[in-house]
Amino acid sequence: MTVRAGREFLAIPGPTTMPDAVLQAMHRPAIDIYSRQMTDLTESLLRDISKLFATKGKSYIYIANGHGAWEAALTNVLSRGDKVLVLESGRFAIGWGNAASLMGAEVEVLKGDWRRAVRPHEVEERLRRDTEHRIKAVVVVQIDTASGVQNDIEAIGKAIKAANHPALYMVDTVASLGCIPFEMDKWGVDVAMSGSQKGLMTPPGL
Ligand SMILES: Cc1ncc(COP(=O)(O)O)c(C=O)c1O
């Protein structure tokens, strides 16, 4: 919205301010969904997204908010009854864990604190105790928007490897992708998700 004082400036952690070029690009007419132009555009976007995550793996775009992507990530790799270890560092890993729980997973929270990052040695210690490998996935956020905590995703990945545990390593980069480095393949991350409305500076909903 434009007001006499100028354009409204929404100063919250997201949705972030969209550059004019992005706003203007949204004013183009739709293209034919069966055209070559559409498939070429989609494929180039998927390739670019993999580059952003620094992975040789495949990317997918969901028409959903971050909560929808959380759910999509979980349903694609887990089954009902699987155990998930949530690494607390504020509000959002807990939220992802709640989604897992509502979907029938067994959720254990590795207690953290809103004032500090996850401690990798505590992750390693917990995984070492899981001698039967009941934990199928470890979930964590790179930056927790609510607490402002930044977790060391590389160090947690090393801790999972050091414990010699086969759990999938799942990372939420909603508030960090495009803002700070993220190296999915190098850091041993198995599943990563994000949202369009923060570092990517595009409208919410993807
Ligand atoms: C770190 C993080 N994860 C997940 C979400 C959820 O995303 P959404 O609000 O698009 O559902 C948010 C939203 O602020 C977030 O900051």
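Structure notes:
- Selection of the stretch 55-70 for residues being part of a loop (DSSP other than H, G, I, E, B) and either open to solvent by 100 Å² or more (accessible area, probe 1.4 Å) or among the small types (G, A, S) (or both) yields K56, G57, K58, S59, Y60, I63, A64.
- Subset tally (residues that are open to solvent by less than 70 Å² (accessible area, probe 1.4 Å), modelled with pLDDT under 95 and within 26 Å of the chain's Cα centre (by Cα)) for the stretch 2-41: 9
- Residues (in contact with a Phe, Trp or Tyr (Cβ under 8 Å, 6 or more places away or on another chain), assigned to a helix (DSSP H, G or I) and buried (at least 19 other Cβ atoms within 10 Å of the Cβ)) located in the stretch 128-175: I153, I156, G157, I160
- Complete set of residues in the stretch 113-127 that are over 17 Å from the mean Cα position of the chain (by Cα), surrounded by 19 or more Cβ atoms within 10 Å (Cβ to Cβ) and not in a helix (DSSP H, G or I): R119
- Restricting the stretch 178-206 to residues that are within 25 Å of K136 (Cα to Cα) and near the ligand (Cβ under 10 Å from one of its atoms) leaves a set whose member that is surrounded by the fewest Cβ atoms within 10 Å (Cβ to Cβ) is M193.
- Test: residue in the stretch 71-86 that is charged (D, E, K, R) and either in contact with a Phe, Trp or Tyr (Cβ under 6 Å, 6 or more places away or on another chain) or part of a loop (DSSP other than H, G, I, E, B) (or both): yes
The values are calculated or read from the model by the stated rules, or taken from the named source; none is laboratory data. Quick caveat: nothing in here was measured; it's all calculated off a predicted structure. For neighbour counting, all protein chains shown are included, and Cβ atoms are generated from backbone atoms with ideal geometry for every residue, glycine included. Protein only, heavy atoms only, side chains kept; ligands, DNA and RNA dropped before computing areas. Shrake-Rupley method; radii C 1.70, N 1.55, O 1.52, S 1.80 Å.
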